[in-house]
1. Of these, B:491, B:523, which one is part of a helix (DSSP H, G or I) and at the interface with chain A (Cβ under 8 Å from one of its Cβ atoms)?
2. Can you tell me which residues in region B:26-62 are without any contact (Cβ under 8 Å) to a residue 12 or more places away in the chain and within 19 Å of residue B:135 (Cα to Cα)?
3. I'd like the full set of residues that are part of a loop (DSSP other than H, G, I, E, B), within 10 Å of another protein chain (Cβ to nearest Cβ) and either touching a residue at least 24 places away in the same chain (Cβ under 8 Å) or over 58 Å from the mean Cα position of the chain (by Cα) (or both), limited to region B:526-549.
4. Name, by its number, the condition in (1) surrounded by fewer than 17 Cβ atoms within 10 Å (Cβ to Cβ); (2) touching a helix residue (DSSP H, G or I) at 6+ places or on another chain (Cβ under 9 Å) that does not hold for residue B:85.
5. Determine, yes or no, whether residue B:399 is modelled with pLDDT under 90, outside any helix (DSSP H, G or I), at positive phi and surrounded by fewer than 16 Cβ atoms within 10 Å (Cβ to Cβ).
6. Listed residues B:294, B:248; which is loosely packed, with under 14 Cβ neighbours inside 10 Å, farther than 27 Å from residue B:194 by Cβ, at pLDDT below 85 and under 40 Å from the mean Cα position of the chain (by Cα)?
7. Looking at B:333, B:320, can you tell me which residue is at pLDDT 90 or above, farther than 24 Å from residue B:440 by Cα, surrounded by fewer than 21 Cβ atoms within 10 Å (Cβ to Cβ) and in the same structural domain as residue B:228 (by TED's automatic domain parsing)?
8. In region B:192-203, which residue that is in contact (Cβ under 8 Å) with a residue 24 or more places away in the chain and surrounded by fewer than 17 Cβ atoms within 10 Å (Cβ to Cβ) is farthest from residue B:315 (Cα to Cα)?
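The values are calculated or read from the model by the stated rules, or taken from the named source; none is laboratory data. Note that this is a predicted model, so its numbers are computed, not measured. No Cβ is skipped: glycine too gets one built from the backbone with ideal geometry, and neighbour counts run over all protein chains shown.
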């Protein structure tokens, strides 16, 4: 049996009217953790995402900072660069996903086919630099659609109380 | 000698020894005494004969003959002691002498045998005589006279007969010598054994004045022989008549003797069953010799006479000599055939060798088939060294063959050179010639290394591109980070100056410049990066349709139509869909850049004999045609070269990338001449 990672329940993930077993992302604002070792890029994300109607709850410079930020803030979405010092963005995401599922946007500077071991992850968008607001908006929308389409595993329902 | 003469001589002889009526009476008196001891005398006689090789040799018929001879001896004893001593008695003695000549008995032994008989007979009389010793004395003298007379007749008969036969024998010997010489000469002339045998049977029959002669030959079927050649045989039997040669048969008997066998009289033949000859009813005497080669039996040669004929050792030796000549001819023919067969095999080996080989001796060239295929000329057209030189357009350097070359294990020099030759069809090919030179000749192994050279160049190109690609990839990665920062800053700047239209316009232009830079990096990387195909079954027409969809923005506002001509050749191929779309997209983008409205693109396909670096096979050729101005002569020549472009914008990598992608599919892509205005390209991809 393939163990399903525990689905993190974002705050107010369950619309009041919905029954158990089905959870949806809030329309907005999303609580987003961003990570990039480039200050220009961090600043850009910190400033552009609020303009798209979201909230940046953490801004990390390394994969390690991203991990601690995640566990502190439990964001709805992570937007991270791949190549970062100490721990790469995709490695940090992999660690988080061993226990909890969180939607992710991975941004890389690699061209098509340059990275051989690109695995297809659930709830994960890959973007190539340079990335602008239109690309970000499209990626967030497609993730939101994916979340909306997803039926949450009912077996995990009872564990909601763990998250606060 | 006439019989009367013999009789007269005998009467004279009797008078000479003083043979009288009294002698005759006394001999008759002794008869019972001798007869009583006949068996003893006969046994003694043959026991002695058995002890001497010379006498044993004349007894060729085994025990049966000995029995017959014993009976003759008994008859002789009875005859000698009972008479009557008339003319017929003399003739019977005469026959004995003649018979001794027949069987080749040495006369010395006749005397010795007679001496033994005399001792036995006189002893028998002496030991059994009951009368007076005087009477015995007289009796023994009479018996001695009788025995002397008998011996004298036998001796006379032998000599007369021997003399009379000697002359024809000498003549016969000369004839036989001549026949041997004729047969040998014909055998040496290289006459086929089949024809030689036909002549031998005729020569033998003539020489022997025989009724018929023949050769029976073994067949691969065990126990079955066939009449190979025949003289005096009914026509139709030669080549058709089969006889039994299984163990126990006459042929088996003849072969087992291993040398010539004669039968002087079929009527009294006891050694083998007279079943041998189909024509035996009309044959009285025969002589055979087995034909043997180093490999085994070939058959039996036989000569037959309708009249009884004496066949002496000389005849046997003659037959043996003939058989030896034939045996030698058979072996020579066999070894000739073998050598010829080996030569033929070697010739075929060289001729059918999948590698080109040329033999050069005395300025003449001999090409094998592969060499003919390589040059396009047949061996009749490239006859000499000068012919070869005339097709060489460029002579490369000559070097010493590598140490591991097999040819270097032989004495002589081995060199390797490369030459560019012009084939008969005009194609220039690069040929590597490995030449082995000896004093008298040269052997060239020729390899067409044009493709290998092309492969080498391609591999070098790929290697170079890989290095560039690696560098470009690193460059692209870093520049993307830089572009990202520019983009981030420009977007943020947009927010800050959103009330200033001219500044916003400048930002938009900055953004387009970034996009162009980005595309340039992408294309260079696309050209230089190694192509990894992900083949999936798809139709080329669907990839063209997809490319058409992808250039929707390019088509916007243009009068453009795409026509894909339906064809049954539009089959499912193993293609990298993404790459094929990329190829058609490049072609479409070029067409849209070159054509003025209305833009009409037409594509169709047909099956093709495809030849690629993986060999020749079936494929599909897609033709892509637009209605633009077409390609200039310069563009035709350089269309696929990187960084060649006719557009004011662009890297000039599009067609080079397209060519690389098609090449990666094992296909070809080329500009082709069209019978209508516009540019036409042909893309051939193999069916995998």
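1. That would be B:491, the only listed residue that is part of a helix (DSSP H, G or I) and at the interface with chain A (Cβ under 8 Å from one of its Cβ atoms).
2. B:32
3. Scanning region B:526-549 gives B:529, B:530, B:531, B:534.
4. Among (1) surrounded by fewer than 17 Cβ atoms within 10 Å (Cβ to Cβ); (2) touching a helix residue (DSSP H, G or I) at 6+ places or on another chain (Cβ under 9 Å), residue B:85 violates only (1).
5. Taking the combined requirement at face value, the residue does not satisfy it.
6. Every option except B:248 fails the conditions.
7. From the options B:333, B:320, the qualifying one is B:320.
8. B:192
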